Every structure is written in C-alpha cells, then in structure tokens.
Amino acid sequence: MVSAERVALDPFGTDLPGESRRLRDLGPLVLVELAGGIPAWAVTRHDLLKELVLNPLVSKDKQHWRLWEEVGGRPEWMWIAGWIGVRNMLSTYGADHRRLRKLIAPSFTARRSKALQPVIERIIAELLDDMAATPPGQPVDLRSAYAHPLPMRVICELFGVPEHMRTDMAEIMEAVMDTTATPEATAANLQRIATVLPALVAYKREHPGDDLTTELIEARDQGDRLSDDELRDTLLLLIAAGHETTVNLIGNAVHALLTHPEQLRRVLAGEITWEAAVEETLRWAPSIANLPLRFAIEDIEIAGTRIPAGDAIITTYLAANHDPAQHGEDADRFDVAREQAEHLAFGVGVHRCIGAPLARQEALTALPALFARFPHLRLAEPSGEAPHVPSFIAHGWSELPLLLDDPS
C-alpha cells in the first residue's frame, strides 16, 4: 500500500543518502514532491527502476505528462522546463529518441576517446602543477582546482568550444543543476542558454573543425535529421552531462577514499584496482542521484501499485544503487573490495549515458595521477564535512578543501 501523502524531497540535497534510505524504508514506490511541489513517483529498488526505465509505456516526452500545461502558469515549476521543455535524448520518446541517439552515438567512438587521452593527460599535468604551487599548509579546493576544470576543458575540446566562450558555458551548466534557484534566476539562465549555445553554433559554422559541434551542424544542414532546437538542446545535454558527471565522480571518489584510509591504502598498494574504486564510487555515490522526469503513457501496474497514465516518475539512481537486494545488506557502505554487481549510475540499455566510457577514462587517469603527485593528500576538515552541491539531482561536493603537503 502506498501512502497518499507525498514526501517532499529536499531541493538542496543536504543528505541525499539519508533521504534515499528513508524512501527505501517507505517501500518500492513512493509518492514524492520535487522542488516547487511537483508530484512524482520515486522508485527505490534496483530491479523495479530498471524495469520502468526500459518499459515502452514509460516516456521522457513532456506531451505524456498530464501537468505539463500547468508549468507556464506556475513560476515555482520553472526549473523543470530546463529538463523536459527541451528537445534532446533526455526528453524524447520512441522514434525521436532512437533518431537522436543514432545520430550522436557514433561520435563517441573508441577512436575519438583514444585520441583524447593525450589531451586528458596534458590537462591533468597542468592542473597538478598549478595545485603544487599552493603554499604549504594552505588548503586547495579540489573541485575548483581539479575536478571541475579537467572535464570542462576536455568536453570543450571535444565540442570545439573556443576559450572566450568557456566561462559562460561552465556557468550555464552549473545553473541547470541548481534545484534551489529562484524562478527569476531559472528564467535568466534559460535566456542565457538561448543566447550562448546559438552563439557557439554560429562560431563553429565560421570555424568548423574535427569536433562534435561541427558534426552536429553538418547533420543539421543535411536536411531533416536534426532541427535547430534539437541541435541547441543536444549541445546543452551533451556538454552538461559530459562534464557534471565527471566532476562529481572525481570529487566523490577522492572524498570516499580519504574518509576510508584503509581502502585507499589497498588501492595505492595495488591490492585493489582503480577500476574497482571507480565502479564502487559510481554505485555508492552516483554523480546523478535523481533524474527528472519520465511519464506513464498508460496505467502501469508494478510492485502491486498502479501508476496512473500521465503521472511523472523520477529515476532515483542513488536509492536503487543502495538497494540491499542488489548489492547486499551493507549496500549503504563504501567498499572498494565489494563483489561488483550491476549498478545504474549511468542508466541502462538504450538509456545508458553514451559518455560513460569517457567519464571513466578521465577518472581512471585523474585519480592515480592526483594521489601519485600528492602522497600526503588529506582533507582539510578531518571530519570530512564539506558543502554539497545545492541540488537533489547532482550528487557531489560544491567545495572539497584538501591539504597537499607532508603534515610532519
């Protein structure tokens, strides 16, 4: 039996693991309220979330949401427009989703990822050199010094974003993830998106190159394969997802390892692979905790509960990744030696993030390099306390102060 009373999710994401635990305790399906009071269903079990994500009766297209027409008249719901009021792989269904994915997936080939490796290594070396210049005893923020600029610079290289546009690009992507923003701030960022991304397209028309923006423009110019809105919104999705997930993956891995020193010791000693550490981080602290929104096209019966047609569903990756039925009774515990089982941090099937291999590649290069360069790396705050990203979507640290030098 599902309670008729909805559980309000914290828009600040103050304690995402604790909130996910409380939702799981309430049952496999829970009625929740998102920021602004948007009603949705939260799925707290791995198998059920996977089933729903792959269910053809579950859509990502706003036309299937019975409340979409209300968004324009409710300023407190403005934030959701940046997620579902767009035309890209994250917000399309059926043939449109297949068309967009088929168009984009070939650009994320092994060849292109391999070609990026020297770029990744060069950027890492430059960032580590900059960090090394920090005066002894002075904290350095991992996010702003390393975890954020690395994937942002890589994704800008991949998409051919020129230097003079990169600051604007980073700021609009950060704002998209902020689920505490006022309606005015959200509207201003949507307007900024409508200015910055077309400016990138215009620039790349004048300065084409071997990059994904140029490839998407060519697809647009070939006819009806990609509309202007789809071109803009696909750039928004790929640039945002291509850096935000990796920012949080690197930050979450460093924090987890530093707060579990014996596990860090085993990784550094080669007893446990970096691959295992990265996968456990993705499972335990997925970069995206909750992703809005999906919609029931028809009434769906699942786990003894009926989700009515037109209702919204939020994909609760953090809750599913801590499901004891999938990951054991200690699923809430970080353990790099855990026998790995399937997790949903990057989605599943045709809805799996196409940039997942690149995110792993960046993390598997950045993490060993960081700990090798700074063998005395430690948290500036021994308790491990640090401010979270203000979001119930993104799961990471807005700041992570570290000390680099030998404490002796």
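The values are calculated or read from the model by the stated rules, or taken from the named source; none is laboratory data. Given the structure is predicted, the values throughout are model-derived calculations rather than measurements. Counting neighbours? That spans all protein chains shown, and the Cβs are built from the backbone with ideal geometry, glycine included. Each accessible area value is taken on the protein alone, full model and side chains, heavy atoms only, with ligands, DNA and RNA left out. Shrake-Rupley method; radii C 1.70, N 1.55, O 1.52, S 1.80 Å.
For region 117-144, name all the residues that are under 27 Å from L236 (Cβ atoms), aliphatic (A, V, I, L, M) and surrounded by fewer than 18 Cβ atoms within 10 Å (Cβ to Cβ).
V119
Looking only at residues that are of a type in the set (S, T, N, Q) and assigned to a helix (DSSP H, G or I) in region 87-138, which one is nearest to the chain's Cα centre (by Cα)?
Within region 87-138, the match that is nearest to the chain's Cα centre (by Cα) is S91.
For region 242-340, give me every one of the strands (runs of 3 or more DSSP E) that falls completely inside it and has 2 or more residues that are touching a helix residue (DSSP H, G or I) at 6+ places or on another chain (Cβ under 7 Å) and either open to solvent by 30 Å² or more (accessible area, probe 1.4 Å) or of a type outside the set (V, I, T) (or both).
Per the criteria, 290-296.
Looking at region 285-306, I want the residues that are within 18 Å of T92 (Cβ to Cβ) and have a partner that is among the basic types (K, R) and modelled with pLDDT under 95 with Cβ atoms under 7 Å, at least 6 apart or on another chain. Which pairs are those?
Here the result reads R294/K60, each pair linking region 285-306 to a residue that is among the basic types (K, R) and modelled with pLDDT under 95.
Determine whether region 266-275 contains at least one residue that is within 18 Å of P151 (Cβ to Cβ) and not charged (D, E, K, R).
There is at least one residue in region 266-275 that is within 18 Å of P151 (Cβ to Cβ) and not charged (D, E, K, R).
Taking region 145-155 as the search range and keeping residues that are open to solvent by less than 30 Å² (accessible area, probe 1.4 Å) and free of Cβ contacts under 8 Å to residues at least 40 places away in the same chain, which one is farthest from L258 (Cα to Cα)?
The residue in question is P149.
Hey, could you check region 58-70 for residues that are under 24 Å from A105 (Cβ atoms) and touching a helix residue (DSSP H, G or I) at 6+ places or on another chain (Cβ under 8 Å) and say which is most open to solvent (accessible area, probe 1.4 Å)?
Step by step, filter region 58-70, then rank; the result is K62.
Yes/no per residue for (1) surrounded by 18 or more Cβ atoms within 10 Å (Cβ to Cβ); (2) in a strand (DSSP E or B); (3) under 24 Å from the mean Cα position of the chain (by Cα):
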position	(1), (2), (3)
A40	yes, yes, yes
L49	yes, no, yes
G72	no, no, no
M78	yes, no, yes
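Select, from P401, P375, the only residue that is exposed (fewer than 15 other Cβ atoms within 10 Å of the Cβ), touching a helix residue (DSSP H, G or I) at 6+ places or on another chain (Cβ under 9 Å) and closer than 21 Å to L257 by Cα.
Just a single option satisfies the conditions, and that option is P375.
Whether any residue in region 184-206 is crowded, with 19+ Cβ neighbours inside 10 Å, assigned to a loop (DSSP other than H, G, I, E, B) and not small (G, A, S) is what I want to check.
Within region 184-206, none of the residues are crowded, with 19+ Cβ neighbours inside 10 Å, assigned to a loop (DSSP other than H, G, I, E, B) and not small (G, A, S).
For N55, which of the numbered conditions (1) surrounded by 15 or more Cβ atoms within 10 Å (Cβ to Cβ); (2) among the polar types (S, T, N, Q); (3) under 20 Å from the mean Cα position of the chain (by Cα) fails to hold?
(3)
Output the number of the condition that L236 fails; it satisfies all remaining conditions of (1) of a type in the set (A, V, I, L, M, F, W, C); (2) in contact with a Gly (Cβ under 9 Å, 6 or more places away or on another chain); (3) modelled with pLDDT under 95; (4) open to solvent by less than 10 Å² (accessible area, probe 1.4 Å).
All conditions pass for L236, except number (4).
Can you say whether A170 is free of Cβ contacts under 8 Å to residues at least 12 places away in the same chain and farther than 18 Å from N88 by Cα, as far as the supplied structure shows? Write out each step before concluding.
Numbers: free of Cβ contacts under 8 Å to residues at least 12 places away in the same chain: no; farther than 18 Å from N88 by Cα: yes.
No: the conditions fail for A170.
From the list R360, R378, which one is charged (D, E, K, R), modelled with pLDDT under 95 and closer than 30 Å to P118 by Cα?
R360
The rows are residues; the columns are (1) aliphatic (A, V, I, L, M); (2) in contact with a strand residue (DSSP E or B) (Cβ under 8 Å, 6 or more places away or on another chain); (3) in contact (Cβ under 8 Å) with a residue 40 or more places away in the chain.
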site: H322; (1), (2), (3): no, no, yes
site: L358; (1), (2), (3): yes, no, yes
site: L379; (1), (2), (3): yes, yes, yes
site: S383; (1), (2), (3): no, no, no
site: P387; (1), (2), (3): no, yes, no
site: S398; (1), (2), (3): no, yes, yes
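From the list L344, L402, pick out the single residue that is closer than 25 Å to H46 by Cα and either part of a loop (DSSP other than H, G, I, E, B) or touching a Leu at 6+ places or on another chain (Cβ under 8 Å) (or both).
Every option except L344 fails the conditions.
In region 1-38, what count of residues is obtained for those that are open to solvent by less than 50 Å² (accessible area, probe 1.4 Å), in contact (Cβ under 8 Å) with a residue 12 or more places away in the chain, among the small types (G, A, S) and on the phi < 0 side of the Ramachandran plot?
2
Looking only at region 211-233, filter to residues that are in contact (Cβ under 8 Å) with a residue 40 or more places away in the chain and assigned to a loop (DSSP other than H, G, I, E, B); which one of those is most open to solvent (accessible area, probe 1.4 Å)?
If we take residues in region 211-233 being in contact (Cβ under 8 Å) with a residue 40 or more places away in the chain and assigned to a loop (DSSP other than H, G, I, E, B), then R225 is most open to solvent (accessible area, probe 1.4 Å).
Identify, by number, the condition in (1) surrounded by 15 or more Cβ atoms within 10 Å (Cβ to Cβ); (2) on the phi > 0 side of the Ramachandran plot that G349 doesn't meet.
Single failed check for G349: (1).
Check W77 against each of (1) farther than 25 Å from F12 by Cβ; (2) at pLDDT below 95 and name the one condition it does not meet.
Exception for W77: condition (1).
What single numbered condition from (1) farther than 25 Å from S287 by Cβ; (2) at pLDDT 85 or above fails to hold for D221?
(2)
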